[in-house]
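This report refers to the structure that appears directly beneath it.
What follows draws every value from the coordinates through simple rules; no lab data is involved. Predicted model only: the values in this text are computed from it and were never measured. Positions of Cβ are generated from backbone atoms using ideal geometry, with glycine treated the same way; all protein chains shown enter the neighbour counts.
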Amino acid sequence: MIFVRKIFPIFSLLSSILLLIYIIYQSQIYWEGNLVNNYYKNYYIILIILILLSIFVLFMNDNLKVYFIIFILSIVLSLYLFESYLSFNMSNNKVPKKKLELFEEKYKKKYDTRSKIEVYKQLSKTNSNTAVTVYPFENINSKNNIFPFSGLSNSKTIYCNENGYYSMYESDRYGFNNPDKEWDQDEIEYLLLGDSFTHGACVNRPHDIGSALRTISNKPVLNLGYAGNGPLIEYATLREYFRSNIKNVIFLYFEENDLFNLHNELSDDLLKNYLTNPSFSQNLMFKQDLIDQIAKKKINENFDNNSEINKNKKSLKSLKFLKLRNVRNFFQGTSIPKPMPQPEFKKILKLTKDLVTKNNSKLYFIYLPVINKSQTNSLDASYYEIKKIVKSLDITFIDMYDEIFNKEENPTKYIPFMSDRGVHYNILGYNKVAETIYNYEN
């Protein structure tokens, strides 16, 4: 009975206090009180109630304590059973049968249900120059001597599947998604910076934004975007690959995760050199052999179950399970409130503008919104601050929410058919963005 009388109530109290301390750390130290929409407010309320309840239980009679223990353990067990169910469904990574039937009925073709590793292994049998995307953000706080901003060069690169097929592209001499000949052009009309939207997820050329601009303008375009990039990596990429023959620089900003990505990027000492030292350079244009070596190593590690990368992924998966990540996403929605822009965000934009202006080029800031099937699309709270910062720097602000999606009765036509929540745009969406950029001053 000592467990009922003392141990469990004290354990419950201490656990609640420790969780409250963790939430305070996450909210006020890690995010510097910077998450909008009071994201942590509900956690504070729940944990304070648990602390008060645990104190109250200490003075209950033993019978009531037993009921309390049964009640708490039942809730905890139910939550972890539900987490197990959600984790199992996600780990199978299978598209629901009903969705497959709807897709096949609409498009009269089969949806490719293979995993990326299956596609890679199959293509590698006939093409030794096959690769998969290797994301620059994976190098944050790595032990590499350099920080690459691209993937494997001159390779058939497998990207992603949101439209029923795996998008692929032949990477250029520097590992980006461009026809290689673009680097030899006398003048570049547009240079694109950004994340997966700019990179071309999950469509083939000529349907990504860069290729669509190339077709519409009939002029050379360089796409330096890569999935997972945030503003600091994008600025650093510009510093490494910028050339004097570029007329227009297009800085594409995605509202869903760019500020989260920046928060992670600022933890890397090498990346921060681009903010503090105007002459800093890794000279990456002359180190493609080393970049390719790093990319090949990462590809091999990603497909090796015993590699350090996959061990870390398994540890992270276990941590997410303990934190009931899928259950919380189920009840809260997967969209975490965005942090407000940090001071470094404005500094990055100012440095970008200074570099572009010095070259007598023009800079355009493109705001890309999330398109959602399950709820009314609305502007994120950080939108107004982002717009204010861009305008204060006298940078042209092109708002795709106003220019395209807010004008449509059904903006979901611009996202993949199989997606309930448009992580990326489809061919129609990318083409519309490219048209809007081209028409802005033409």
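Numbers at a glance
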read-out	value
Net length gained if the chain between Y22 and N154 were fully extended (0.36 nm per residue, minus Cα distance)	42.9 nm
Residue with peak Gaussian network fluctuation, the chain [Cα springs, cutoff 10 Å], from F254, F71, F397	F71
Approximate spin-label separation S392-D354, in nm, with each point projected 7 Å along Cα-to-Cβ	1.6
Most mobile listed residue (T412, T215, T357) in the chain, GNM with C-alpha springs under 10 Å	T357
Correct choice for Cα extents along the principal axes in Å that was computed from the model, options [x] 85, 50, 49; [y] 74, 53, 38; [z] 107, 50, 42	[x]
Segment D62-T276, length gained on full extension (0.36 nm per residue, minus Cα span)	70.8 nm
Longest site-free stretch - the chain; sites: GluC sites (Glu not before Pro), DSSP loop, at most 11 other Cβ within 10 Å	188-408
Stretchable slack from L102 to I45, in nm (0.36 nm times residue separation minus alpha-carbon distance)	16.2 nm
Sites F82 and E441, calculated FRET efficiency, Cβ-Cβ separation with R0 51 Å, nearest 0.05	0.45
Calculated FRET efficiency for the pair S74/N406, C-beta based, R₀ 41 Å, to 0.05	0.30
0 to 90° range, to nearest 10: angle between helix 231-241 axis and the chain longest Cα axis	30
Antiparallel bridges, percent of DSSP beta bridges restricted to the chain (to nearest 5)	20
Dipole magnitude of segment 130-203 about its Cα centre (Cβ charges: Lys, Arg +1; Asp, Glu -1), debye to nearest 20	440
Dipole magnitude (debye, nearest 20) for the chain, charges at Cβ of Lys, Arg, Asp, Glu	1280
Cβ-derived FRET efficiency at R0 30 Å, A381 paired with K297, nearest 0.05	0.15
